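Take a look at the structure below.
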Amino acid sequence: MISLGCAKNLVDSEVLMKQLDANKFELVFDPVNVEKIDTAIINTCGFIGDAKQESIDTILQYVQAKQNSLIDHVYVMGCLSERYKSKLHEEIPEVDAFFGVNDLKKIISHLGGSFKSQLLGERMLTTPAHYAYLKIAEGCDRICSFCAIPMIRGKHTSRSMEDIISEAALLVKGGVKEINLISQDTTYYGLDLYKKRLLPELLDTLANLEGLEWLRLHYTYPDGFPAALTQVIRSHKNICNYVDIPLQHISDRILKSMHRGLDGKATRNLVELIRKEIPDVAIRTTLIAGYPGETEKEFQELRTFIEEYRFDRLGVFSYSHEEDTSAFLLKDSVSEKRKKERVEELMFIQEGISLSLNEKKVGHILKVLIDREEGDYYIARSEHDSPEVDNEVLILKGDLRLAPGDFRHVVVKRAESFDIFAELQ
Ligand code: SF4
């Protein structure tokens, strides 16, 4: 099983692996060496240019292995396959079969297995045993101009509260201490199924799960951000003071063109409200540079925005001109070179901001979760760091005996832009 793209795709891969395992298939996740496998299943990403290219390169790598008789079968599933199935079929006929994003049962029967309904809500975790992603919904009802996801993943479909809570309980019973809530738009949770936004209630219920140490929220949407959310986050010690809220831009004209549903002023107000309501909150956001028609002046506005609001965690993407999105009708006027320069300029600024924010933590005590060992260090994260995307806390091993999944209190000794060095308290 090869899983590309986002954590939502990873969860799909884990669900499939659990089913295949129950059908007595021997499974290897992200194999280093293809010789050892008969069949490769590649779960692809079809979101933006770079991610699509990575998926195609991976498919071609396994097709090559098949042509060299190193492996027997190559199957492709996920977002790229959902979006370009017929085209891919024509262009890469060596692939045995292409599946979409909702073809779990088809894949299992195609491999000669049978779908085990009794395993609903069960997965074969590929993350370290102490943390997991929990998908609360699929699809998206938003119409962001640059985004192909609604075309790929369909309408927003919330999972029932019962299903989510029982899966969370199963994860915690299995040793998971940190649950990362994900979907395309977590703040939309419940609007379809229960006709009202129920993310605060869901968080509140999950936070009462015995043994759940950290509950973290991802992919909140600024427009319609539930007011009650900040209170729930503040009222539970085990809900991380962490809000992931992609803002994408700050210019009124561009936010309007992106169909984001709120303007620059409302965006600033929301960030200020979240910070006022949750004093110790870390805000992660993502921005797009080089959107069609983005002028130097609008880019400077974006630059000033991150300099003023000093986000704790920031990702910047270069605009990708995606066919069938409404932005595709606009002229992709900013050159790839200039897009790249704008992304680098913003990330250079963020590096300085992140360093100064980390330096303020020197001497402070942090509760951290040990993720792994690497060389002379234990690598950990604070509640302000989501796995794989945010900062890390490095603890010199020396003669310490720590294990992945341990929580420890550390004193911050030294700061770098995206890493903190600390010692056990
Ligand atoms: S919220 Fe917007 S950017 Fe996110 S998945 Fe939905 S349409 Fe795409």
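Descriptive notes on the structure:
- In order through segment 382-394: 3J(HN,Hα) via Karplus (6.51 cos²θ - 1.76 cosθ + 1.60), integer Hz, x for Gly, Pro: 8, 5, 8, 10, 7, x, 6, 10, 10, 5, 10, 10, 9
- With a Förster radius of 30 Å applied to the C-beta separation of R310 and E336, the computed FRET efficiency comes to 0.55.
- With 5 Å bins from 0: P(r) over segment 2-118, alpha-carbon pairs, percent: 2, 12, 23, 26, 22, 12, 3, 0
- Length-normalised contact order of segment 2-118 in % [C-alpha pairs under 8 Å, at least 6 apart]: 25 percent
- Normalising the average separation of contacting C-alpha pairs (under 8 angstrom, six or more residues apart) by the number of residues puts the relative contact order of segment 315-385 at 20 percent.
- Restricting the GluC sites (Glu not before Pro) of segment 321-369 to loop positions (DSSP other than H, G, I, E, B) with no more than 14 neighbouring Cβ atoms within 10 Å leaves E323.
- Taking every C-alpha pair closer than 8 Å and separated by at least 6 residues, the mean separation divided by the residue count of the chain gives a relative contact order of 10 percent.
- Along its first, second and third principal axes, ordered by size, segment 60-111 spans 31, 24, 13 Å in Cα coordinates.
- Environment charge of P150, counting only residues whose C-beta is closer than 13 Å and scoring Lys/Arg +1, Asp/Glu -1: -2
- Counting only residues at least eight positions apart within a chain, or on another chain, the lysines with an alpha carbon under 16 Å from that of K297 are K339.
- For segment 13-110, trypsin sites (Lys or Arg not before Pro) are listed when DSSP marks them as loop and at most 13 other Cβ atoms sit within 10 Å of their Cβ; the list is K24.
- Rg/Rh (Cα only; Kirkwood hydrodynamic radius) as it applies to segment 324-425: 1.18
- For the chain, cysteines whose Cβ has no other cysteine Cβ within reach (under 4.7 Å): C6, C45, C79, C140, C240
- For the chain, share of DSSP beta bridges that run antiparallel, in % to the nearest 5: 40 percent
- Quotient of Cα Rg and 2.2 N^0.38 Å for the chain, N being how many residues it contains: 1.00
- Kirkwood Rh, Cα atoms: Rg over Rh of segment 365-424: 0.91
- Cβ-based net charge around H218, under 15 Å, with every Lys or Arg adding one and every Asp or Glu removing one: -3
- Under 20 Å from K367, Cα to Cα: lysines that are on another chain or at least 8 residues apart: K177, K237, K397, K413
- Radius of gyration and maximum dimension Dmax of segment 252-409, Cα, Å: 19.1, 60
- Entries of K85/K337; K24/K135; K256/K276; K155/K196; K85/K116 with Cα pairs more than 24 Å apart: K85/K337; K24/K135; K256/K276; K85/K116
- Mean projection area, nm², convex hull over Cα of segment 207-309: 6.8 nm²
- Share of Cα-Cα pairs in segment 131-359 lying beyond 25 Å, as whole percent: 44 percent
All of the numbers you see were taken from the coordinates with simple rules; none came from a lab. Here the structure is a predicted model, which is why all the values come from computation and not from measurement. We place every Cβ from the backbone using ideal geometry, glycine too, and count neighbours over all the protein chains shown.
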